[in-house]
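Beneath this line is the structure, given in structure tokens, with notes to follow.
Bear in mind that the values in this text are calculations on the coordinates, not laboratory data. Small disclaimer: the values here were computed from a predicted structure and weren't measured. FYI the Cβ positions are ideal-geometry reconstructions off the backbone, even for glycines, and counts take in every protein chain you see.
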Amino acid sequence: MKKISELNTAYFVKDPFRLEDLTRPHFMHQRKAFAVEATVELSPLEYKNFVTDLCADRPFIEKHMDISRVDYEGVWHCILVKRKSQPGGVLVMSEGHDYPKWAAYIQDETKPEKDKTEPPDDVIPPS
């Protein structure tokens, strides 16, 4: 396990409704260290459905809800829900629920997060 100072961080939002809730401006001190414990890859249509309704119960979250937790060092152990063959996605910390009780958006799970909170243009349909 990496030291907490070596982990990526993300801005988690409680009870988000849509992807837009995860990309609002925030202070860097509000970000939490996280570790991805499982990755769920969805088709483009499934992913679009997921990010436009984060309140819905999801079997893939229920399947992994036992690994979603915050440990004694304050590291958020999450599920990464992403679009197939695309970097980044939504970090889910379900707190025992089958929907994202807490969620964060990351653009690329392989690179350190700085202030990368803007989702790709093709994820959110125009209003």
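Where the only charges are on Cβ atoms (+1 Lys, Arg; -1 Asp, Glu), what is the dipole of segment 9-106 about its Cα centre, to the nearest 20 debye?
Using Cβ point charges on Lys, Arg, Asp and Glu, segment 9-106 gives about 360 debye.
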Specify the inter-centroid distance of segment 11-30 and segment 41-96, based on alpha-carbon positions, in whole Å. 15 Å
Using 0.36 nm per residue of separation minus the Cα-Cα distance, give me the extension gain between E37 and R24 in nm, one decimal. 2.2 nm
Simple SL model, points at 7 angstrom along Cα→Cβ for E62 and S85; separation in nm is 3.1 nm
Can you pull out the chymotrypsin sites (Phe, Trp or Tyr not before Pro) in segment 1-78 whose DSSP state is coil and whose Cβ has at most 16 other Cβ atoms within 10 Å? F17, F27, Y72
